[in-house]
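A quick write-up on the structure given underneath.
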Amino acid sequence: MFRLVSLNVNGIRSAATKGLVPWAESVSADCMGVQELKVHVDDMPEPLKAFAGMNGHFHHAEKKGYSGVGLYTRHEPSDVIVGLGSADPSGEFDPEGRYVELRFDKPGRKLSLISCYFPSGSSSEDRQEAKFRFLDMIEPHLAALRGEREYILIGDVNIAHQEADLKNWKGNLKNSGFLPEERAWMTKLLDPAGTTRLVDVYRTLHPDATDTCYTWWSNRGQARAKNVGWRIDYHLATPGLASAARQANVYKDQWFSDHAPLTVDYDFTL
């Protein structure tokens, strides 16, 4: 069984003070993707570069204290792809540290695990436009990747796809994260007849989940205490890997950030 975890840590140093490392050791994950590191790798404490038997691979943002993603793994990758490179021709998003991909290729198999942090558009109209540009840019990249290999993208997508994916959906129809254009983009990404044909693993395993599915809560208005949450963290897998998913859960017994870890067990090995 292969255990894969995704967590937006909202600052990995902060998450570490709240027990992230002991929890990761207890979970015995094969791989853990993290988003919003908020630290340059050169400034990251050594104990956070590798822990729980896993070595870390990172794409940090140029701006200190901002964004950044990582993938920790106990398996040696055949290749590490840091950043979107030519898939981001404008060069707008790679400086923000949003994409790291580990490849585990061997004869007869091409397989990738990706940790990705999609932009949030909630702070301003400019950032929402940047978010739309990111969606327009990454979809063909994921489609091209889909044509050549199996993969699982884990991370904070900053989109709640369906009404069941957030508590107050009626009040958020005009808000970033639940805009019709964002939801339509997600629908296209998951279309079995489309070019990407990805699978929302958690929703496939828990098609009727509502209040239990949320992975993020605002720090305002006692949102966590009232469970006024959003499901914006995902495992998005190619169909072959998605079919190997056996169980998925959102861990809420401890809080390491404003997001909760999403863990999925897959019936495959690297």
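Each value in this text was obtained by applying a stated rule to the coordinates, not by laboratory testing. Small disclaimer: the values here were computed from a predicted structure and weren't measured. Cβ placement follows ideal geometry from the backbone for every residue including glycine, while neighbour counts extend to all protein chains displayed.
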Open item on the list: Cβ-Cβ under 9 Å, sequence separation 6+ or interchain: first residue in the stretch 39-61 and in a loop (DSSP other than H, G, I, E, B), partner polar (S, T, N, Q). Which pairs?
Closed with: Lys49/Asn55; Ala52/Ser26; Ala52/Ser28; Gly53/Ser28; His60/Ser67; Ala61/Ser67
TODO: Could you please tell me which pairs satisfy a Cβ distance under 7 Å, a separation of 6+ or placement on different chains, a first residue in the stretch 127-146 that is in contact (Cβ under 8 Å) with a residue 12 or more places away in the chain, and a second residue that is assigned to a helix (DSSP H, G or I) and aromatic (Phe, Trp, Tyr)?
DONE: Leu135/Trp185
Task: Residues (of a type in the set (A, V, I, L, M) and either assigned to a helix (DSSP H, G or I) or in contact with a Phe, Trp or Tyr (Cβ under 6 Å, 6 or more places away or on another chain) (or both)) located in the stretch 10-38 - done: Ile12, Ala15, Ala16, Leu20, Val21, Ala24, Val27, Met32
Open item on the list: Criterion first (among the aliphatic types (A, V, I, L, M), more than 16 Å from the chain's Cα centre (by Cα) and more than 25 Å from Val69 (Cα to Cα)) does Leu173 satisfy it?
Closed with: yes
Open item on the list: Can you pull out every residue in the stretch 17-49 that is crowded, with 18+ Cβ neighbours inside 10 Å and hydrophobic (A, V, I, L, M, F, W, C)?
Closed with: Leu20, Trp23, Ala24, Ala29, Cys31, Met32, Val34, Leu37, Val39, Met44, Leu48
Open item on the list: Between Ser67, Ser115, which is in a strand (DSSP E or B) and within 15 Å of the chain's Cα centre (by Cα)?
Closed with: Ser115
Task: Matching option when the condition is closer than 25 Å to Thr269 by Cβ and among the aliphatic types (A, V, I, L, M), among Ala87, Ala52 - done: Ala52
TODO: Give just the number: which of (1) in contact with a strand residue (DSSP E or B) (Cβ under 7 Å, 6 or more places away or on another chain); (2) within 20 Å of Arg3 (Cα to Cα); (3) of a type in the set (Asp, Glu) does Asp253 not satisfy?
DONE: (1)
TODO: Go through the stretch 139-163 and give me each residue that's outside any strand (DSSP E or B) and over 17 Å from Leu179 (Cβ atoms).
DONE: Pro140, His141, Leu142, Ala143, Ala144, Leu145, Arg146, Gly147, Glu148, Arg149
- [ ] Output the number of the condition that Ala260 fails; it satisfies all remaining conditions of (1) touching a helix residue (DSSP H, G or I) at 6+ places or on another chain (Cβ under 9 Å); (2) buried (at least 21 other Cβ atoms within 10 Å of the Cβ); (3) not charged (D, E, K, R).
- [x] (1)
Open item on the list: Out of the residues in the stretch 156-170 meeting the condition of being among the aliphatic types (A, V, I, L, M) and within 15 Å of the chain's Cα centre (by Cα), tell me which one is farthest from Thr210 (Cα to Cα).
Closed with: Val157
